[in-house]
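One structure below.
The values are calculated or read from the model by the stated rules, or taken from the named source; none is laboratory data. The structure presented is a predicted model; accordingly, all values stated were derived computationally and were not measured. Using ideal geometry, Cβ is built from the backbone for each residue, glycine included, and neighbour counts are taken over all protein chains shown. What goes into the accessible areas is simple: the full protein's heavy atoms, side chains included, and nothing from ligands, DNA or RNA. Shrake-Rupley method; radii C 1.70, N 1.55, O 1.52, S 1.80 Å.
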Amino acid sequence: ANVRKVVLLFPIPPSYSEPDRSPSHIMSHLFGHEGQGSPFAYYQNKGWITSLSSGPRISAPDQNLFQVTISLTEEGEKHWKDVVKWIFAYAKMLRAAAEETLKLNGGGDKDTCKSDADLYRIWDEVGQLDRMRFHQTSPGAVYSFAQSVSQSISKYGTTNCLSAGSLLNETRNSLPLAELLGFCQKIVPNNCFIERCSQGAWDEMEALYPEEAVTNST
């Protein structure tokens, strides 16, 4: 079968040093969610996609790249621009929610924190899922486990090498709300790289640049 895929890439602030407080956790959960009101549910109702995933593509001390990957149906390929627009619309909604929650909580003041807002509830759910996954996951094959742990030790030290990123000590009230807003403000068209992988995309480029297509084929 032909591959039909569109990938959105967003440079966002690095969160390498604090894996448990990275807004990437909740952003990955929200963009990849498949329930009612999610981008996935909207696209599926339209018959446009077969899968959607999101999360960090690169996480390093000096850079962070957030990725949304969408596999399209034949009909979805015809509407790929609308698919991209809906991601931006969803990001705008999240940004507004983060701004409103931050405003209600006095700019992030812990003494006035109202943790009954949806974003706090979702952060709590993400933490519960990550902790469950941590406690129920086996180490795996020795070779791959040793390699993974050695890399983690170099990043987070021996104390946190196994648990870093699993939100073991995070609670509903520890949502990094200001950082989440900062991340959401980066999910905009002028901070986005789009990759397309499909025969349709190739045909479009050949039509736009026929001379280059001839050169590449010889």
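Out of the stretch 183-211, which residues are assigned to a helix (DSSP H, G or I), touching a residue at least 40 places away in the same chain (Cβ under 8 Å) and open to solvent by 20 Å² or more (accessible area, probe 1.4 Å)?
Of everything in the stretch 183-211, those that are assigned to a helix (DSSP H, G or I), touching a residue at least 40 places away in the same chain (Cβ under 8 Å) and open to solvent by 20 Å² or more (accessible area, probe 1.4 Å) turn out to be PRO189, ASN191, GLN199, GLY200.
Conditions: (1) surrounded by fewer than 16 Cβ atoms within 10 Å (Cβ to Cβ); (2) under 19 Å from LEU129 (Cβ atoms). ASP82 meets all but one. Number of the miss?
(2)
How many of the residues making up the stretch 1-18 are more than 15 Å from the chain's Cα centre (by Cα) and either surrounded by 19 or more Cβ atoms within 10 Å (Cβ to Cβ) or part of a strand (DSSP E or B) (or both)?
Counting residues in the stretch 1-18 that are more than 15 Å from the chain's Cα centre (by Cα) and either surrounded by 19 or more Cβ atoms within 10 Å (Cβ to Cβ) or part of a strand (DSSP E or B) (or both) gives 2.
Residues of the stretch 52-66 being open to solvent by 50 Å² or more (accessible area, probe 1.4 Å) and not acidic (Asp, Glu), which ones?
Passing the criteria: SER53, PRO56, ARG57, ILE58, SER59, PRO61, GLN63.
Residue by residue, here is whether (1) out of contact with any strand residue (DSSP E or B) (no Cβ under 8 Å at 6 or more places or on another chain); (2) more than 20 Å from GLY55 (Cα to Cα); (3) open to solvent by 60 Å² or more (accessible area, probe 1.4 Å); (4) at pLDDT 90 or above holds:
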| residue | (1), (2), (3), (4) |
| --- | --- |
| LEU104 | yes, yes, yes, no |
| CYS113 | yes, yes, no, no |
| ASP116 | yes, yes, yes, no |
| TYR120 | yes, no, no, yes |
| GLU125 | yes, no, yes, yes |
| ARG131 | yes, no, no, yes |
| GLN147 | yes, yes, yes, no |
| SER150 | yes, yes, yes, no |
| GLY157 | yes, yes, no, no |
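Any chance you could count how many residues in the stretch 48-91 are part of a helix (DSSP H, G or I), under 17 Å from SER38 (Cβ atoms) and of a type outside the set (Lys, Arg)?
If we filter the stretch 48-91 for residues that are part of a helix (DSSP H, G or I), which is where we start, we get 74-78, 80-91.
Restricting the remaining residues to those that are under 17 Å from SER38 (Cβ atoms) gives 76, 82-91.
Restricting the remaining residues to those that are of a type outside the set (Lys, Arg) gives 76, 82-84, 86-91.
Selection size over the stretch 48-91: 10.
For the stretch 134-167, what are the residues that are out of contact with any helix residue (DSSP H, G or I) (no Cβ under 6 Å at 6 or more places or on another chain) and outside any helix (DSSP H, G or I)?
Across the stretch 134-167, the qualifying residues are THR137, SER138, GLY140, ALA141, LEU162, SER163.
Condition first: open to solvent by 60 Å² or more (accessible area, probe 1.4 Å) and modelled with pLDDT under 90. Now tell me which residues in the stretch 26-51 satisfy that.
HIS33, GLU34, GLN36, listed by residue number.
Limited to the stretch 19-39, what total is found for residues that are in contact (Cβ under 8 Å) with a residue 40 or more places away in the chain and either of a type outside the set (Ser, Thr, Tyr) or in a strand (DSSP E or B) (or both)?
Result for the stretch 19-39: 11.
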